[in-house]
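Chemist: Would you mind keeping the following structure in view while I ask a few things?
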Amino acid sequence: TRQSGGKANLHQGAIGVGVDLATGVTLQGTWLNNIISKHPDTTHSVDGVQLPNWDGFMKLAAECYELCGLGYIGVDMVLDKDKGPLILELNARPGLNIQIANDSGLTHRTQAVEARLEQLALEGRQESAQERVDFVQQLFGHVPSA
């Protein structure tokens, strides 16, 4: 946004948009802690947009788990016209305001992931990035729009 000066931080005036993890379709946006359906500068719709190469974004984000050794991370990504999804940065303490855009808190999600990790530990195995994507899309996908 103009207010954010091109920075991708919600607390600096950027917008956040929730995404259905299974389909890559945007849900609703948040800007300055308010729900929005249109971009504040362009008035273009921010909900109901199909993000291209969604599976590529999901797999790239899931692969970051092995890269950093952190249990919970935020992955900032962009879509390059020629190269596809690219990582901008990994955040060890990502902002939690995105929960507003997803209209879904993190507690039930983190509990489900922790239970999954405990089960995998009991089985003595680790999941591949694709298995993690499948798990997340099945469990947390198809979030209803507000």
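Chemist: May I ask which residue of LEU70, GLN3, ILE36 lies farthest towards the positive end of the charge dipole of the chain, with charges of +1 (Lys, Arg) and -1 (Asp, Glu) on Cβ and the Cα centre as origin?
Modeler: GLN3
Chemist: Return the loop-located trypsin sites (Lys or Arg not before Pro) in segment 61-131 (DSSP other than H, G, I, E, B) with at most 13 other Cβ atoms within 10 Å of their own Cβ; answer none if there are none. Don't skip to the end; give the middle numbers.
Modeler: Working: sites: LYS81, LYS83, ARG109, ARG116, ARG125; in loops: LYS81, LYS83, ARG125.
Loop-located and lightly packed - LYS81, LYS83, ARG125.
Chemist: Using θ = phi - 60° and the Karplus curve 6.51 cos²θ - 1.76 cosθ + 1.60, what whole-Hz ³J(HN,Hα) does each residue of segment 91-98 get, with Gly and Pro shown as x?
Modeler: Residue by residue, segment 91-98 yields 10, 5, 10, x, x, 9, 5, 4 Hz.
Chemist: Counting only residues 5 or more places away or on other chains, whose amide H sits under 5 Å from the amide H of ALA14 once H atoms are built in the peptide plane?
Modeler: Under 5 Å from the amide H of ALA14: ASN9.
Chemist: Which loop chymotrypsin sites (Phe, Trp or Tyr not before Pro) in segment 31-104, with loop taken from DSSP, have no more than 14 other Cβ atoms within 10 angstrom of their Cβ? Display every interim value, and only then the final one.
Modeler: Details: sites: TRP31, TRP54, PHE57, TYR65, TYR72; in loops: TYR72.
Passing sites in segment 31-104 are TYR72.
Chemist: Using the Karplus curve 6.51 cos²θ - 1.76 cosθ + 1.60 with θ = phi - 60°, work out ³J(HN,Hα) for each residue of segment 24-38 in order, rounded to whole Hz, and write x for Gly and Pro.
Modeler: So the Karplus estimates, Gly and Pro as x, are x, 8, 5, 9, 8, x, 9, 8, 6, 6, 10, 6, 10, 10, 10 Hz.
Chemist: State to the nearest 20 debye the size of the charge dipole of segment 10-138 about its Cα centre, where the only charges are +1 on K and R beta carbons and -1 on D and E beta carbons. Intermediate results must be reported in sequence, preceding the final value.
Modeler: Details: 9 positive and 17 negative charges, 44 e Å.
Dipole magnitude for segment 10-138 comes out near 200 debye.
Chemist: Rounded to the nearest 500, what is the 222 nm mean residue ellipticity of the chain from helices alone, with -39500 (n - 2.57) per DSSP H run of 4+ residues and division by all residues? Intermediate results must be reported in sequence, preceding the final value.
Modeler: Numbers: 4 runs with 49 residues, N = 146.
Taken over the chain, the calculation gives -10500 deg cm²/dmol.
Chemist: Go through [x] 1.06; [y] 1.68; [z] 0.97 and flag the label whose value is the computed Rg/Rh (Cα atoms, Kirkwood Rh) for this structure.
Modeler: Working out Rg/Rh (Cα atoms, Kirkwood Rh) from the coordinates points to [z].
Chemist: Still on this structure, please answer the following. Amide H of LEU51 versus every other amide H placed in the peptide plane: which residues, excluding those fewer than 5 positions away on the same chain, fall under 5 Å?
Modeler: VAL25, THR26
Chemist: Across segment 119-135, in residue order, what do the Karplus-derived ³J(HN,Hα) couplings come to in whole Hz, using 6.51 cos²θ - 1.76 cosθ + 1.60 with θ = phi - 60° and x for Gly and Pro?
Modeler: Result, ordered by residue: 5, 4, 5, 4, 7, x, 9, 10, 8, 6, 4, 5, 5, 5, 4, 4, 4 Hz.
Any read-out appearing in this document is the output of simple, stated calculations on the displayed coordinates, not a laboratory observation. Fair warning: this is a prediction, and the values are worked out from it, not measured in the lab. Glycine gets a Cβ as well: all are built from the backbone with ideal geometry, and neighbour counts include every protein chain shown.
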